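In what follows, a structure is listed as structure tokens, so that the remarks can point back to it.
The values are calculated or read from the model by the stated rules, or taken from the named source; none is laboratory data. None of the values given here were measured: they were computed from a predicted structure. Every residue, glycine among them, receives a Cβ derived from its backbone with ideal geometry; neighbour counts consider all protein chains shown. Surface areas here come from the heavy atoms of the whole protein model, side chains and all, with no ligands, DNA or RNA. Shrake-Rupley method; radii C 1.70, N 1.55, O 1.52, S 1.80 Å.
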Amino acid sequence: MDSPRERFFAGVRAQVPPLVGIVPFGLVTGVSSTAAGLTPFETLALSIACFSGIVQLVSVQLYAAGAPLAVILATAAVLSLRLVMYSAGLAPWLGHLPLRWKLAVGYVLTDNAYALAIVDFRHHPDRGNKHWFLVGTGAVSWIVWQVSVAIGLFVGAKVPPEWGLDFTFALTFFALLVAVVPDRASAFAAVVGGAAAAAAYFLPLKLGLVTAALAGIAAGMAWRALEKTMEERWSGR
């Protein structure tokens, strides 16, 4: 059986390549927080409490647009629904863990961590200490994310005020493209999300960004479902 230390560092090594997408996302979040008027303490407190790039970024921009707290919380809840599905997917392997470990793993669970864990667990079902693999992926992601946000705060303080939030909105979509277009499904989601953002640009309270995010998520899920269906049909021949 692999030791906790071995599984932890296996998770760290697996997470290193995706860090390329995490860094620009964190930088943009820090810049956006400064532009929105949040203090460094408020930004880092939110970053630590939330630890979800898309939720934090969208929440900050809704706050900057003057959205009511209820709208911000509802949006954060909707964007976090995917984590419920991730938790259900991990339950067969981690459902036996005590509550303290479930809470710890749930806190560091991200999109990348889930994808990496599922691949590792399916290919090596007999390995023990599976939760340590997820803790390893989450720990390195957490550190890099917080450092990136902090650097973004410093950069944001240097951005001329007259550039306003328009500058950060442009950076946001650049970061999204870098971070979430590793395959065809993600590329399709990005295209649909971009089109939705353009179509919903004139919605009040900057809800066009929320609409774009939801449309992109739905498009990506639909593409993956179609790919799975096609694979099953071809494999059945």
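Structural remarks
- When the Cα gyration tensor is reduced to axis lengths a ≥ b ≥ c, the ratio a/c is 1.5 or higher for the range 31-86, and with a/b not above b/c it is classed as oblate.
- Cα shape, the range 87-132, gyration tensor, a/c 1.5 rule: oblate
- Per residue, the convex hull around the alpha carbon atoms of the range 50-125 comes to 85 Å³.
- For the range 75-118, the solvent-accessible area works out to 54 Å² per residue, with a probe of 1.4 Å and every protein chain left in place.
- Top positive-direction residue, dipole computed over the range 8-154 with Cβ charges, set Y114, S59, F41: Y114
- Coarse-grained scattering of the range 104-157 at q = 0.23, 0.26 Å⁻¹, given as base-10 log I(q)/I(0) from a Debye sum over alpha-carbon atoms: -0.84, -0.96
- In nm, spacing of pseudo-spin labels at L214 and E231 (7 Å Cα→C-beta vector): 2.9 nm
- Residue order by solvent-accessible surface for F154, F133 is F154, F133, largest first, with ligands and nucleic acids left out and a 1.4 Å probe.
- Peptides 135-144, 191-200, 90-99 ranked from most to least packed by the mean count of surrounding Cβ atoms within 10 Å: 135-144, 191-200, 90-99.
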